[in-house]
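The values are calculated or read from the model by the stated rules, or taken from the named source; none is laboratory data. Note that the structure is a prediction, hence the values are computed from the model and not measured. Backbone-built Cβ (ideal geometry, glycine too); neighbour counts: all protein chains shown.
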Amino acid sequence: MISTKYFCRRGCVCASLLIASCGFATEHFFTPPESPFITDTKETIGTLNISAGPVESAQSQIDSARQARADAVLVIHITGKLLVANTPLRLGSHMCLLLDEGGSIAAKPDAAAQSLVQINEAEFVSISSAGPDRGVLDGQGRALAGIAVSGSGKVNIDNLSIRGCGVSAITYTGRDAQAVNDAGSITRCLVQDCGDGLLVTKTAGFMCLDNVFHNNRRTAISINSPRSIVAGNDSIRNKNGVVSASNHGVIARNFFEDNDMSLNLETGSTANLVTGNRSLGKGGAVSVSGRNNRIYANAFTVSTATMRGGENNLFVNNAGLKSAATTGGPIIFNPPTSTNPHSNNVIVPGMGRFDLAIPGATNKYQPADLAAARDGLRRARAEHPNDIIVLWLRGYYLSHEPAGLELPANTCVILDGSIRADLGTAPDPAFDKKAPLTQVVRLAPDGYCSFSGGTLDGGRQAFHGIVATSASCALVDGVDIRGAVRDGIHTKGRGAKSPLFINGCSVSANGGRGIWLHVAGDVHALNNVCSGNNQDGIDVDAFATDCTVLFNTSAGNRRHGVFVEEAVINNIVFANELLGNNRSGVHVWNEEVPGNTGQNVIAANLCRGNVKGVSVGGRAANRTAGGNLLFNNVGLGNRDFGLATGNSHANGNYFSQSVLRGNGQEIGAYKNTPFIFSTPAKQ
């Protein structure tokens, strides 16, 4: 049984599929666009209505309309069934095809065309349904593609039902394999009974969100796209679910059932984050090749992951998933956490486990001295050099040392209680960049480490709650971090030495940033709540590269919800809720660092009740913010602007499928050359 409605994370009822038989609903991320224009305030729109008939007749009408209005955005309504025989329907630049109620495109029984719709060497093209029900593209089992895109960019495909296409539902070949500001998208589509579902190559930043792939004979989603996002999709009864050769992409919160293969990261896949994916029943195998891929916090029913070569691929806390290495073993780190305090003997293969419990005070007003825990941990490390130390801290502790609790290599800490800094200094001391760092906890200098649970309170004396500047492979999970003079979590200088996951933390009331990703790489901030901090909730700052900021809530911070600044490149900010911040929900900027804040992907973020929703800008000709993708961000009730595209030093940013409603102004007057394109509603 399949239902046709679900409630998305923004509380609205949307048309999609959920698997009602098992009560499982995939979380979804795409919001239908609402924009005051399609491409520009000065655009002219030509509207064309096409009824049923052969596609050749429709093509003639489209070609005539384009010739008559060469500079217009053509909005083409299909009101009946178009039949494809020997040639596809061809769409050119600045064309928006809307399938009205009852509108469809179908192959004739003897069709010889290679596709139903063709988009070749074009840009600013969309195909979608005019109403809530999906418009239909039906290949009738012929050996063709539903939609064939080649040598094109900025193509959006939304809310279609594509079926019976023997080659593929959608074949998408872009024109620039590195430029995220030329990205395409497929959203809210039902793809079934085809050869392949979606084939994507030679493009960057591709968005594949909230689709259902059902009963396709080969692969549901095959993607080779740097910094792409594949999220919120269902793959049911296909041969393969997701096959990726992408680099630095995100594959998140997808659902798999009854596929032979759920996930295959091919040899060319590099540094992808795979997180929050789930499967039921016959979930299908998982195969990982490539290098530097991060497989974090997934729940697959398959029992093993096959490693076919590869290098430095990391598995962290994946429920029910074990690795069976064939060649080139993976890196496995399975630390116990406050939400999963497991007793498995193997945390890191090849190392033993030693558990150490050090009780603190039961009265929070008379906390125990943390020194006893620190000294006990040091002794355990010396006595068990080849083990992972699991330190259980229960109760209340007071830290009198500026260094706080410094974790040695290969240590996991679970805190059930609190640690508060009491350094004997006046509250809120002036920050001195040259002074030694003070913190409540410092992560290990190398090896593996984790810290989970409890409360870390800087007491308005320690500069930082957690310092994570060194090279350990680390997880910070479910920690309440507050009261630091500067940052809740501080990563400055970490670089890309090894991955750091920051998951499910509450980071609040700190004197600087909540989470500061500064001169850092391979840091992943997931599912955190950052509130009431004196600067930004999350700051992706100077020289940060290949970091992800996903599924966080950042609210009531004095500056921005998420700040992307100072020549950072190749970062992904996706599906965050940014509420009531004193400046922007998301601000993309360059103030001081020569270079460009560019090639970042800012997608599907909800910005509500801030001064600005999403804003972009650069300070000078040599300090710019250009070439970014800003896709399907939602601006609701922001005081000044829902979307501010930037000044003259913020050129070439692509704003696509924006949702703007109830802001002081929906779009600020821009003094630059942005690309703007949103699928039109019914005209």
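Could you check, for segment 73-86, whether at least one of its residues is assigned by TED's automatic domain parsing to the domain that holds residue 157 and at positive phi? The answer is no, given that none of the residues of segment 73-86 is assigned by TED's automatic domain parsing to the domain that holds residue 157 and at positive phi.
Filtering segment 476-523 to residues that are on the phi > 0 side of the Ramachandran plot and over 22 Å from the mean Cα position of the chain (by Cα) leaves 483, 493, 509. Among the residues here, residue 131 qualifies as surrounded by fewer than 21 Cβ atoms within 10 Å (Cβ to Cβ), under 26 Å from residue 74 (Cα atoms), modelled with pLDDT under 95 and not aliphatic (A, V, I, L, M).
The condition (being in a strand (DSSP E or B) and at pLDDT below 95) is satisfied by just one residue among 279, 235, 222: 279. Checking 410, 386 one by one, the residue that is touching a Gly at 6+ places or on another chain (Cβ under 7 Å), surrounded by 16 or more Cβ atoms within 10 Å (Cβ to Cβ) and not aromatic (Phe, Trp, Tyr) is 410 and no other.
State whether the residues of segment 61-71 include one that is assigned to a strand (DSSP E or B) and either on the phi > 0 side of the Ramachandran plot or not polar (S, T, N, Q) (or both). Looking for residues that are assigned to a strand (DSSP E or B) and either on the phi > 0 side of the Ramachandran plot or not polar (S, T, N, Q) (or both), one finds none in segment 61-71, hence no.
Screening the candidates 557, 528 for the property of being polar (S, T, N, Q), under 22 Å from residue 463 (Cβ atoms), buried (at least 23 other Cβ atoms within 10 Å of the Cβ) and touching a residue at least 40 places away in the same chain (Cβ under 8 Å) yields one hit, 557. Here is a check on your reading of the model: is residue 514 in the same structural domain as residue 572 (by TED's automatic domain parsing), touching a strand residue (DSSP E or B) at 6+ places or on another chain (Cβ under 8 Å) and surrounded by fewer than 24 Cβ atoms within 10 Å (Cβ to Cβ)? So residue 514 fails the test.
Out of 155, 149, 180, one residue alone is in contact with an Asp or Glu (Cβ under 9 Å, 6 or more places away or on another chain), closer than 30 Å to residue 653 by Cα, surrounded by 24 or more Cβ atoms within 10 Å (Cβ to Cβ) and hydrophobic (A, V, I, L, M, F, W, C). It is 155. Can you tell me which condition residue 268 does not meet? The list is (1) surrounded by 23 or more Cβ atoms within 10 Å (Cβ to Cβ); (2) of a type in the set (Gly, Ala, Ser); (3) assigned to a loop (DSSP other than H, G, I, E, B), and all the others hold. Failed condition: (1). Checking every residue in segment 484-500 against the condition of being buried (at least 22 other Cβ atoms within 10 Å of the Cβ), in a loop (DSSP other than H, G, I, E, B), in contact with a Leu (Cβ under 9 Å, 6 or more places away or on another chain) and modelled with pLDDT under 95 gives at least one match. Selection within segment 214-239: residues that are surrounded by 24 or more Cβ atoms within 10 Å (Cβ to Cβ) and of a type in the set (S, T, N, Q). The member of this set that is farthest from residue 255 (Cα to Cα) is 225.
Hey, can you tell me all the residues within segment 263-288 that are under 18 Å from residue 228 (Cα atoms) and not hydrophobic (A, V, I, L, M, F, W, C)? Hits for segment 263-288 are 264, 266, 267, 268, 269, 270, 272, 275, 276, 277.
Within the set 523, 507, 549, 476, the sole residue that is buried (at least 24 other Cβ atoms within 10 Å of the Cβ), more than 26 Å from residue 582 (Cα to Cα) and β-branched (Val, Ile, Thr) turns out to be 476.
None of 413, 440 is touching a Phe, Trp or Tyr at 6+ places or on another chain (Cβ under 8 Å) and outside the structural domain of residue 543 (by TED's automatic domain parsing) except 413.
Taken together, the residues in segment 81-113 that are surrounded by fewer than 18 Cβ atoms within 10 Å (Cβ to Cβ), assigned to a loop (DSSP other than H, G, I, E, B) and over 34 Å from the mean Cα position of the chain (by Cα) amount to 8. Scanning segment 519-556 for residues that are farther than 19 Å from residue 575 by Cβ and assigned to a strand (DSSP E or B) gives 520, 521, 545. The single condition among (1) in contact (Cβ under 8 Å) with a residue 60 or more places away in the chain; (2) surrounded by 24 or more Cβ atoms within 10 Å (Cβ to Cβ); (3) over 25 Å from residue 210 (Cβ atoms) that residue 627 does not meet is (2).
Here segment 437-473 is the region considered, the condition is being within 14 Å of residue 408 (Cα to Cα) and among the aromatic types (Phe, Trp, Tyr), and the residue that is surrounded by the most Cβ atoms within 10 Å (Cβ to Cβ) is 451.
Those strands (runs of 3 or more DSSP E) of segment 580-640 in which at least 3 residues are more than 23 Å from residue 567 (Cβ to Cβ) and in contact with a Lys or Arg (Cβ under 9 Å, 6 or more places away or on another chain), considering only elements entirely within it, cover 634-636.
None of 484, 462, 468 is among the aliphatic types (A, V, I, L, M) and more than 27 Å from residue 545 (Cβ to Cβ) except 462.
Picking from residues in segment 565-605 that are closer than 14 Å to residue 538 by Cα and of a type in the set (S, T, N, Q), the one that is surrounded by the most Cβ atoms within 10 Å (Cβ to Cβ) is 581.
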